[in-house]
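Notes to accompany the following structure.
The values are calculated or read from the model by the stated rules, or taken from the named source; none is laboratory data. Bear in mind that the values here come from a model prediction, so they are computed numbers and not experimental data. Don't worry about glycine lacking a Cβ; one is built from the backbone with ideal geometry, like all the others, and counts go over all protein chains shown.
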Amino acid sequence: MNPDFLFFIEVSLAGLGSGALLALTALAYVLIYKATRVVNLAVSEVLMLGGYLFFAFAAGWNFSPWLALPLAIIGGGIVGGIVERGLIRPMLGENPISVFMVTVGLGSILVGLTELMWGADPRTLPAFISTKPLFLGEAYVSRKIAVTFVVAAVAMGIFLALFRFWRGGVALRATATDQAAAYSCGINVPGVFSVAWIVGCATAAGAGVLLGAIGGISTTMGVFGLSALVVVIIGGLDSILGALIGGLALGLIQSWAGTYLGGEYSSVVTFGLLIVAIVIRPFGLFGTHEIERL
Amino acid sequence: MIIGTAKETYRADESLLTTQPQRVWLAIFAASLVALPFVVNDYWLYLTCLVAINVAAATGLNILTGFTGLVSLGHAAFMAVGAYTVAWLETNLGTPFWVNLIAAGLVAAALGILVGLPSLKVKGLYLAIATIAASFILHFCFVHFDGITGGATGINIPPLTIFGAELTTYFSLYWVIMPVTVLMVLGAANLFRTRIGRAFIAIRDRDISAEVLGIPLLRYKLMSFSIASFYAGMAGGLWAYFFRVVTPESFPLLTSIFLLAAIIVGGMGTILGGILGAVFMTLAPELLRYGVEWISPLVPNAGALLSPVRTVVFGALIVGFLIFEPQGLAEIIQRIRRFFRLWPFRT
Amino acid sequence: MANDMNGADLTPAELTVEDVTLSFGGIKALQSVSFTAKAGQITALIGPNGAGKTSVFNCISGFYRPSSGRVLLDGQDVTGLRPPKRAVLGMARSFQNIALFRGMTVLDNIKLGRHGHMKTNLLQAFVYAGRAAREEEELRREVEERIIDFLEIDHIRNMPVSVLSYGLQKRVELARALAMRPRILLLDEPVAGMNREETEDMARFILDVKEEWGISILMVEHDMGLVMDISDHVSVLNFGKVIAQGLPAEVQADPHVAEAYLGSGDPAALMKRLAAERAA
């Protein structure tokens, strides 16, 4: 095979790997937004917290990674549940910007607490994925990225299935369409809120462990969540399909831009894309367009 | 207790301060601003200058976000534009400082109009996120247009010169920074006595109805963006003279969040709120420093706790005010005023 | 013509809606609607719910762009103008569900109406000297002496609008519309949701606006008693078409109108219902 083309394939595969992780994080935003109409910027910090919890269980207490991973995910879910009951429920019906700023403040609190607990220095997670290279045909893929891709894909598949077929998924979709109507149909809307936040934050924490396994953890790793936010804005805040496609697409684009233009271009391309997307399709590629009234 | 205010002309009723106590309080405040540099030490003078710069920037953001309802998380990037403008003019042309400051405002305002363009199609959160994106793109420009910005190392700025005298002490800089800030705040207060300020508030409350009532949305949204950016640019220019070096990392996203937090804590949509919020949010970390110094004999390694505790308190202030006191400090002040207006006849 | 600065001499305008069609996707909300609101008269636009009355208003004030047809103000085609331009030309409107600005006092809400006729620019606003101060004082005087007195709302002028009763909010909306120096006033359900007393007050104000201010009025209203009592001309809309127009008495006697409202083409039944409504 032409070496240039092979290189391109390898770059693209790496892009798809990080794209899957972006899609998984984006899913956390979408779940929470669909249920409660809140853009939760603290998803970034919950993601970071997930990485640190895994670190604490696996390195601090010497648990097996296969025990530490579910514990980290559960930890993220607990944080989500507490935040929803304590901070978000009292803010329901307030101006969306205020609620958004609450999540910004929450992010700051989580970063500060993490630094208090574990210090501000970056750490590496104990290896739990083998580093043996993997080849797809002739193309080299890092095993960590391949595992990440598979895990993220399976998680997304489970979510999509639950959404379609499970009663809770239907309740979530009903709540997303019309909270008052769903409530009067006997759907436990507050329950849906809690579940969405718990599952959303658990997902983010899981994504944090995967991200930490690839690149290590630090209190600034939440920046990754900002890229995932770009994904949901482009894909549509209330669209799971948008998160999936948008995540993979942005992963590819970042990987290409980073390789062929230089690393520093990947963020400028990401945010340039975001502005173009907002101006052309403010409600996202797959999002619901809300009609304005007098 | 105030029994009533009798005005004989409409002009008197339209004036900025309508009661005698207001005038007295303002006179006391102005006198204390003049006296301040003679009584406090250098460290507090440094903090006061920093507060003044933040008040100017927060007032600008308040015009955009608090009064016009357009949320921006990119305000710090415009401060950076102002700081770079001053730095470039000082090092390349050596123009007088007031020319540089106004140029800083104007360059930022021009960019503000550009960044404000998406506000025609989107509002609310989408706009906030678009402004984050714009600030990242500007950051990229600061790093890569190194011919103008000095790249990652930034630009060193010569001291502010006025009539041949170099202002290098905080004491001397105070006499430039504080008057400029006071003028900017007064300008903002005046703005909301006129049709332009009313138009901004109308756009915030109901933009579509405002259009039917004769307010061209495009022009006024962009005007609000340009005024806010002008304020940020001026504040950034003052910042540049104060710190004497500007790099791409001088104005991170956190500064934008800080300014938005300041107007939330102070009270959105009131001039007083922008001032109170900026003062409070700038000084709160200092109070924490005293707290940490106080416990340091008891807790080992207390100094290392300062930075994370500040981060936690910063977030907690945002969350706490939004949940418990969404109208901010300005509303608390109003409550106190209402109490004293009828005091001692009602408790 | 209206004199910009100190114009008490507002001439009433004539508004013509000519063959206006409005479609959303495949649905035709309005089908070649034509009528004229004559200068200095009160014209009422009535029809059952969903007939398209508010759509007509939205086409007139420029919020919707009709798919075809024209809107003429004193013979000048305004179909392509943005809403603020129309406002400056003398179209003022109130809204069905009150659209006051909650963050402002009554006085500021009213002052806002004058926006398009003021000239203060940004620099003047910052220093609040010269034109800015002069204009604001003039506006304050006119609002106080002509509008607030006239509408009897002096006791609430410094209150925030959010604390006012529904009827008073409607009155403040009318005040704001009057501050716009209108030559034609578009009132979208001015008495909807009001009790008898508030309705009578509003009817008196509308008549006074016509007589004392010499302003043409076009209103959409459900209260048939009010429509029949104060309007000079009535157009009836049903399913996006004009089905009748003429003097109030003629329209009342029209079997098409009775059918649109009651489902049976008996004008006597409509009269009876109107009488019952009025008695209530």
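Are there helices (runs of 4 or more DSSP H) fully within the range A:153-247 with at least 3 residues that are in contact (Cβ under 8 Å) with a residue 60 or more places away in the chain? List them.
Details: elements: A:167-177, A:179-184, A:189-215, A:223-235.
Result: A:167-177, A:189-215, A:223-235.
For residues that are closer than 17 Å to C:Leu178 by Cβ and in contact with a Pro (Cβ under 8 Å, 6 or more places away or on another chain), scanning just the range C:58-103, find the one that is surrounded by the most Cβ atoms within 10 Å (Cβ to Cβ). Working first, answer last.
Of all residues in the range C:58-103, those closer than 17 Å to C:Leu178 by Cβ come to C:61, C:86-95, C:98-101.
Now drop any that are not in contact with a Pro (Cβ under 8 Å, 6 or more places away or on another chain), which leaves C:61, C:90-92, C:94.
On the way: C:Ser61: 23, C:Gly90: 24, C:Met91: 28, C:Ala92: 26, C:Ser94: 24.
Residue satisfying both the conditions and the ranking: C:Met91.
Test B:Val71 against the criterion of being without any contact (Cβ under 8 Å) to a residue 40 or more places away in the chain, closer than 30 Å to B:Asp205 by Cα, assigned to a loop (DSSP other than H, G, I, E, B) and out of contact with any His (no Cβ under 7 Å at 6 or more places or on another chain), and give yes or no.
Numbers: without any contact (Cβ under 8 Å) to a residue 40 or more places away in the chain: no; closer than 30 Å to B:Asp205 by Cα: yes; assigned to a loop (DSSP other than H, G, I, E, B): yes; out of contact with any His (no Cβ under 7 Å at 6 or more places or on another chain): yes.
So B:Val71 does not fit the description; no.
For B:Ala128, indicate whether it is hydrophobic (A, V, I, L, M, F, W, C) and more than 8 Å from chain A (Cβ to nearest Cβ). Explain how you work it out, then say what you get.
On the way: hydrophobic (A, V, I, L, M, F, W, C): yes; more than 8 Å from chain A (Cβ to nearest Cβ): no.
No, not satisfied.
Within the range C:182-198, can you find the residues that are closer than 11 Å to C:Met91 by Cα and not hydrophobic (A, V, I, L, M, F, W, C)? Lay out the reasoning, then the answer.
Step one: of the range C:182-198, the residues closer than 11 Å to C:Met91 by Cα are C:182-187.
Hits for the range C:182-198 are C:Pro182, C:Arg183.
Restricting attention to the range B:44-93, which residues are closer than 28 Å to C:Gly103 by Cα and more than 14 Å from the chain's Cα centre (by Cα)?
Hits for the range B:44-93 are B:Thr68, B:Gly69, B:Leu70, B:Val71.
Take the residues in the range C:153-166 that are among the aliphatic types (A, V, I, L, M) and part of a helix (DSSP H, G or I), then tell me which one is nearest to B:Arg206 (Cα to Cα). Full working, then the answer.
To start, the set of residues in the range C:153-166 that are among the aliphatic types (A, V, I, L, M) comprises C:153, C:156, C:159, C:161, C:163-164.
Then drop every residue that is not part of a helix (DSSP H, G or I), which leaves C:156, C:161, C:163.
Numbers: C:Ile156: 22, C:Val161: 14, C:Val163: 17 Å.
Top of the filtered list is C:Val161.
Just checking, how many residues over the range B:309-323 are of a type outside the set (A, V, I, L, M) and surrounded by 20 or more Cβ atoms within 10 Å (Cβ to Cβ)? Give the steps one after another, and end with the answer.
Of the residues in the range B:309-323, the ones of a type outside the set (A, V, I, L, M) are B:310-311, B:314-315, B:320-321.
Right, trim to surrounded by 20 or more Cβ atoms within 10 Å (Cβ to Cβ) and you get B:311, B:314-315, B:321.
Looking only at that region, the number is 4.
Hey, which of the helices (runs of 4 or more DSSP H) in the range B:259-347, taking only ones fully inside, have at least 3 residues that are within 9 Å of another protein chain (Cβ to nearest Cβ) and modelled with pLDDT of 90 or more? Please lay out each step first, then the result.
Values: elements: B:271-295, B:302-324, B:328-342.
So the answer is B:302-324.
B:Asp205 is checked against (1) at the interface with chain C (Cβ under 10 Å from one of its Cβ atoms); (2) in contact with a helix residue (DSSP H, G or I) (Cβ under 9 Å, 6 or more places away or on another chain); (3) more than 18 Å from B:Thr59 (Cβ to Cβ); (4) in contact (Cβ under 8 Å) with a residue 12 or more places away in the chain and fails just one. What number does that condition carry?
(2)
Residue by residue through the range C:123-152, note down the ones that are in contact with a helix residue (DSSP H, G or I) (Cβ under 7 Å, 6 or more places away or on another chain), outside any helix (DSSP H, G or I) and modelled with pLDDT of 85 or more.
Selection gives C:Tyr128 alone.
Condition check: in contact with a His (Cβ under 7 Å, 6 or more places away or on another chain), at pLDDT 90 or above and among the hydrophobic types (A, V, I, L, M, F, W, C). Does B:Leu61 satisfy that? Break it down into steps so the answer makes sense when it comes.
Numbers: in contact with a His (Cβ under 7 Å, 6 or more places away or on another chain): yes; at pLDDT 90 or above: yes; among the hydrophobic types (A, V, I, L, M, F, W, C): yes.
Yes; evaluated as a whole, the condition is true for this residue.
Tally the residues that are touching a residue at least 12 places away in the same chain (Cβ under 8 Å) and farther than 18 Å from B:Met234 by Cβ, restricting the search to the range B:34-65. So that I can check it myself, show each step before the final result.
Within the range B:34-65, the first condition is being touching a residue at least 12 places away in the same chain (Cβ under 8 Å), and the residues that meet it are B:36-37, B:42, B:45-65.
From what's left, farther than 18 Å from B:Met234 by Cβ: B:36-37, B:42, B:45-47.
Residues that pass the stated criteria total 6.
Can you give me the number of residues within the range C:104-115 that are facing another protein chain (nearest Cβ under 7 Å) and either surrounded by fewer than 20 Cβ atoms within 10 Å (Cβ to Cβ) or over 28 Å from C:Asp74 (Cβ atoms) (or both)?
Residues in the range C:104-115 being facing another protein chain (nearest Cβ under 7 Å) and either surrounded by fewer than 20 Cβ atoms within 10 Å (Cβ to Cβ) or over 28 Å from C:Asp74 (Cβ atoms) (or both): 2 in total.
Hey, among C:Phe101, C:Phe63, which residue is among the aromatic types (Phe, Trp, Tyr) and within 21 Å of C:Ser216 (Cα to Cα)?
On the way: C:Phe101 fails: within 21 Å of C:Ser216 (Cα to Cα).
Result: C:Phe63 is the single residue among C:Phe101, C:Phe63 that is among the aromatic types (Phe, Trp, Tyr) and within 21 Å of C:Ser216 (Cα to Cα).
Could you list all residues from the range A:169-194 that are under 19 Å from the mean Cα position of the chain (by Cα) and either among the charged types (D, E, K, R) or surrounded by 22 or more Cβ atoms within 10 Å (Cβ to Cβ) (or both)?
A:Leu172, A:Phe193
Looking at C:Glu211, C:Glu259, C:Glu250, which is the one that is surrounded by fewer than 19 Cβ atoms within 10 Å (Cβ to Cβ) and either touching a Lys or Arg at 6+ places or on another chain (Cβ under 8 Å) or not assigned by TED's automatic domain parsing to the domain that holds C:Cys59 (or both)?
Details: C:Glu211 fails: either touching a Lys or Arg at 6+ places or on another chain (Cβ under 8 Å) or not assigned by TED's automatic domain parsing to the domain that holds C:Cys59 (or both); C:Glu250 fails: either touching a Lys or Arg at 6+ places or on another chain (Cβ under 8 Å) or not assigned by TED's automatic domain parsing to the domain that holds C:Cys59 (or both).
Going through C:Glu211, C:Glu259, C:Glu250 in turn, just one is surrounded by fewer than 19 Cβ atoms within 10 Å (Cβ to Cβ) and either touching a Lys or Arg at 6+ places or on another chain (Cβ under 8 Å) or not assigned by TED's automatic domain parsing to the domain that holds C:Cys59 (or both): C:Glu259.
Answer yes if at least one residue in the range B:233-242 is within 14 Å of another protein chain (Cβ to nearest Cβ), modelled with pLDDT of 90 or more and surrounded by 24 or more Cβ atoms within 10 Å (Cβ to Cβ), and no otherwise. I'd like the intermediate steps shown before the answer.
Step one: list which residues in the range B:233-242 are within 14 Å of another protein chain (Cβ to nearest Cβ), which gives B:234.
Within this subset, residues satisfying the condition of being modelled with pLDDT of 90 or more are B:234.
Keeping just the survivors that are surrounded by 24 or more Cβ atoms within 10 Å (Cβ to Cβ) gives B:234.
So far as the range B:233-242 goes, yes, one or more of its residues are within 14 Å of another protein chain (Cβ to nearest Cβ), modelled with pLDDT of 90 or more and surrounded by 24 or more Cβ atoms within 10 Å (Cβ to Cβ).
Before we move on, is B:Ser229 facing another protein chain (nearest Cβ under 9 Å) and part of a helix (DSSP H, G or I)?
Working: facing another protein chain (nearest Cβ under 9 Å): no; part of a helix (DSSP H, G or I): yes.
It is false that B:Ser229 is facing another protein chain (nearest Cβ under 9 Å) and part of a helix (DSSP H, G or I).
Limited to the range C:123-137, what total is found for residues that are more than 7 Å from every other protein chain (Cβ to nearest Cβ) and either in contact (Cβ under 8 Å) with a residue 40 or more places away in the chain or surrounded by fewer than 17 Cβ atoms within 10 Å (Cβ to Cβ) (or both)?
5
Give me the helices (runs of 4 or more DSSP H) completely within the range A:36-119, filtered to those with at least 2 residues that are at pLDDT below 90 and either at positive phi or within 13 Å of another protein chain (Cβ to nearest Cβ) (or both), ordered by residue number. Outline the logic, then answer.
Details: elements: A:43-55, A:65-83, A:96-118.
Fully inside the range A:36-119 and qualifying: A:96-118.
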